[in-house]
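**Student:** Structure incoming, see below.
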Amino acid sequence: MKNDLLKIPNHIGFIIDGNGRWAKERGLTRSMGHKAGIANLDTIIKECFFTYGIHSVSIYAFSTENWNRPKKEVDYLIKAFRNYLKGDAFTKKFPGAKLNIMGDYTKFPDDLVKNANKTIEATKNNTKFILNLGINYSGQDELVMAVNNIVKEGVTEINREVIANHLYTAGQEPLDFVVRTSGEHRLSNFMLWQVAYAELYFPKTYWPAFKKKDLYEALKEYQGRDRRFGAIKE
Ligand code: IPE
Ligand code: IPE
Ligand code: MG
């Protein structure tokens, strides 16, 4: 897809919803929906980084609430994330990108934690792109974590900057644009602080069917938005 857009978000978020319904429509298991959804992540993330030059991509892949799903589905997702974070697969796919995990990923099995730590270490000096991967993530828990750490550090003068610097996204720019697929109009606890002034977009497409052309359409929509940040235009 040619990049003929003038205004590209610096930080884009994806709530990758609709894997289950995509699979159901095709008579497949929910796990097969997740398989297709995770494969599609690569396509879209690469397109964001390498075609559009978007600096930061945040993905909501597993919420703290998703533990309430059947064990079989959760087990499948854990296996898929473990493989996703394996060896040098990440560095090969996304050269120049730093992996930053949002959420307490130590709650996952050891092999996933090991793979995640290795990839975090291997990519820590990359500055060209950032991939924030939300697994076992909750926006409210993130704020609670930030406040607890601020208290522990004995900081008494609290302002926006102090809070922002204690989030998983410390030092990063806020979200400019959030895309939630599958037609649901809610954030489901996604990056509640960082989303403050983001433009929101809710295409009906299920995540596994959200392809390069859909990303282009989304960015075109973003391009047409008038971001006023509370001010007025003369
Ligand atoms: C999103 O797809 C992926 C995760 C939450 C892990 P869903 O699994 O929520 O798909 P639907 O909403 O049931 O279709
Ligand atoms: C939101 O999707 C979380 C992720 C995409 C990981 P859900 O499918 O879990 O959200 P709800 O339950 O419809 O709000
Ligand atoms: Mg869903």
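**Student:** May I ask for the distance between the Cα centers of the range 156-234 and the range 64-108, given as a whole number of Å?
**Tutor:** 22
**Student:** Still on this structure: Past the 18 Å Cα-Cα mark, which pairs from Lys79/Lys107; Lys93/Lys118; Lys118/Lys212? The partial results should precede the final answer.
**Tutor:** Working: Lys79/Lys107 14 Å; Lys93/Lys118 15 Å; Lys118/Lys212 30 Å.
Beyond 18 Å: Lys118/Lys212.
**Student:** Answer rounded, prolate or oblate for the range 16-223, using the Cα gyration tensor with square roots of eigenvalues a ≥ b ≥ c: rounded when a/c is under 1.5, else prolate when a/b is larger than b/c, else oblate. Don't skip to the end; give the middle numbers.
**Tutor:** Working: a/c = 1.41, a/b = 1.27, b/c = 1.10.
In terms of gyration-tensor shape, rounded.
**Student:** What FRET efficiency, computed as 1/(1 + (r/R0)^6) with R0 = 22 Å and r the Cβ-Cβ distance, is obtained for Ser188 and Lys92, rounded to the nearest 0.05?
**Tutor:** On the way: r = 31 Å, r/R0 = 1.42.
So the FRET efficiency works out to roughly 0.10.
**Student:** Next question, about the same structure. Among Tyr216, Tyr201, Ala231, whose Cα lies farthest out toward the positive end of the dipole of the range 192-234, if unit charges sit on the beta carbon of Lys, Arg (+1) and Asp, Glu (-1)?
**Tutor:** Among Tyr216, Tyr201, Ala231, the one farthest towards the positive end of the dipole of the range 192-234 is Tyr216.
**Student:** R0 = 41 Å: FRET efficiency of Lys204 with Lys114, Cβ-based, nearest 0.05?
**Tutor:** Working: r = 38 Å, r/R0 = 0.94.
Approximately 0.60, to the nearest 0.05.
**Student:** Roughly how many debye, to the nearest 20, is the charge dipole of the chain about its Cα centre, given +1 on each Lys and Arg Cβ, -1 on each Asp and Glu Cβ, and no other charges?
**Tutor:** Values: 35 positive and 27 negative charges, 188 e Å.
It comes to approximately 900 debye.
**Student:** Could you tell me whether the range 1-93 comes out rounded, prolate or oblate from its Cα gyration tensor? Rule is a ≥ b ≥ c as square roots of the eigenvalues, rounded for a/c under 1.5, then prolate if a/b exceeds b/c, otherwise oblate.
**Tutor:** Working: a/c = 2.06, a/b = 1.72, b/c = 1.20.
Taking the square roots of the gyration eigenvalues as a ≥ b ≥ c, the range 1-93 is prolate.
**Student:** OK, next. Give, in nm to one decimal, the length gained when the segment between Asn125 and Val162 is fully stretched (0.36 nm per residue of separation minus the Cα-Cα distance).
**Tutor:** Working: separation 37, 0.36 × 37 = 13.32 nm, distance 2.36 nm.
Extra length available between Asn125 and Val162 comes to 11.0 nm.
**Student:** Let me ask something else. Taking Cα pairs under 8 Å and at least six residues apart, what relative contact order does the range 81-203 come out at, in percent? Write down the numbers at each step before the final one.
**Tutor:** Working: 157 pairs, mean separation 28.8, N = 123.
Computed over the range 81-203, the figure is 23 percent.
**Student:** Ordering Tyr76, Tyr197 by accessible area with a probe of 1.4 Å, largest first, what comes out?
**Tutor:** Values: Tyr76 45, Tyr197 125 Å².
Descending order: Tyr197, Tyr76.
**Student:** I've got another one for you. How about the range 84-160: which GluC sites (Glu not before Pro) there are in a DSSP loop, with at most 15 other Cβ atoms within 10 Å of their Cβ? Kindly include the intermediate steps, with their values, before the conclusion.
**Tutor:** On the way: sites: Glu121, Glu142, Glu153, Glu157; in loops: Glu153, Glu157.
Hits after loop and neighbour filter: Glu153, Glu157.
**Student:** Say each of Thr43 and Asn68 gets a label point 7 Å from the Cα, pointing the same way as Cα to Cβ; how far apart are those two points in nm?
**Tutor:** 3.1
**Student:** What is the calculated FRET efficiency for Lys107 to Asn83, with r their C-beta to C-beta distance and R₀ = 22 Å, to the nearest 0.05? Walk me through the intermediate numbers first.
**Tutor:** Details: r = 18 Å, r/R0 = 0.83.
Taking R0 as 22 Å, the efficiency between Lys107 and Asn83 is 0.75.
**Student:** With only Lys, Arg, Asp and Glu charged, each at its Cβ (+1 for the first two, -1 for the last two), find how big the charge dipole of the range 155-234 is about the Cα centre; round to the nearest 20 debye. Write down the numbers at each step before the final one.
**Tutor:** Working: 12 positive and 11 negative charges, 81 e Å.
In debye, rounded to 20, the range 155-234 gives about 380.
**Student:** Are there any trypsin sites (Lys or Arg not before Pro) in the range 91-181 that are in a DSSP loop and have at most 14 other Cβ atoms within 10 Å? List them by number.
**Tutor:** Loop-located and lightly packed - Lys124, Lys128.
**Student:** Could you tell me which residue out of Tyr84, Ala36, Leu5 lies farthest along the dipole of the chain toward its positive end? Charges go on the beta carbon: Lys and Arg +1, Asp and Glu -1, centred on the Cα centre.
**Tutor:** Towards the positive end, the residue furthest out is Ala36.
**Student:** Can you tell which of Val155, Pro174, Pro70 lies farthest toward the positive end of the dipole of the range 16-223, using +1 and -1 charges on the Cβ of basic and acidic side chains (Lys, Arg; Asp, Glu)?
**Tutor:** The listed residue farthest towards the positive side: Pro70.
**Student:** With a 1.4 Å probe and every protein chain kept in, tell me what percent of the accessible surface of the range 16-223 is carbon plus sulfur.
**Tutor:** On the way: 5320 of 10230 Å².
The computed percentage sits at 52.
**Student:** Please compute the per residue accessible area over the chain with all protein chains in place, 1.4 Å probe, rounded to a whole number of Å². Don't jump to the answer; show the numbers that get you there.
**Tutor:** Values: 12090 Å² over 234 residues.
Ligands and nucleic acids excluded, the figure is 52 Å² per residue.
**Student:** Remind me, relative contact order of the chain in percent, using alpha carbon pairs under 8 angstrom and six or more residues apart?
**Tutor:** 29
**Student:** If you don't mind, there's one more thing I want to ask. Could you derive backbone 3J(HN,Hα) for the range 217-224 from the dihedral phi with the Karplus parameters 6.51, -1.76 and 1.60 (θ = phi - 60°), listing whole Hz in sequence and x where the residue is Gly or Pro?
**Tutor:** After applying 6.51 cos²θ - 1.76 cosθ + 1.60, I find 4, 4, 5, 5, 4, 4, 4, x Hz.
The values are calculated or read from the model by the stated rules, or taken from the named source; none is laboratory data. Note that the coordinates shown come from a computational prediction; the quantities given were computed from them, not determined experimentally. With ideal geometry, Cβ positions are generated from the backbone for all residues, glycine too; neighbour counts draw on all protein chains shown. Keep in mind that these areas ignore ligands, DNA and RNA; they rest on the heavy atoms of the full protein, side chains included. Shrake-Rupley method; radii C 1.70, N 1.55, O 1.52, S 1.80 Å.
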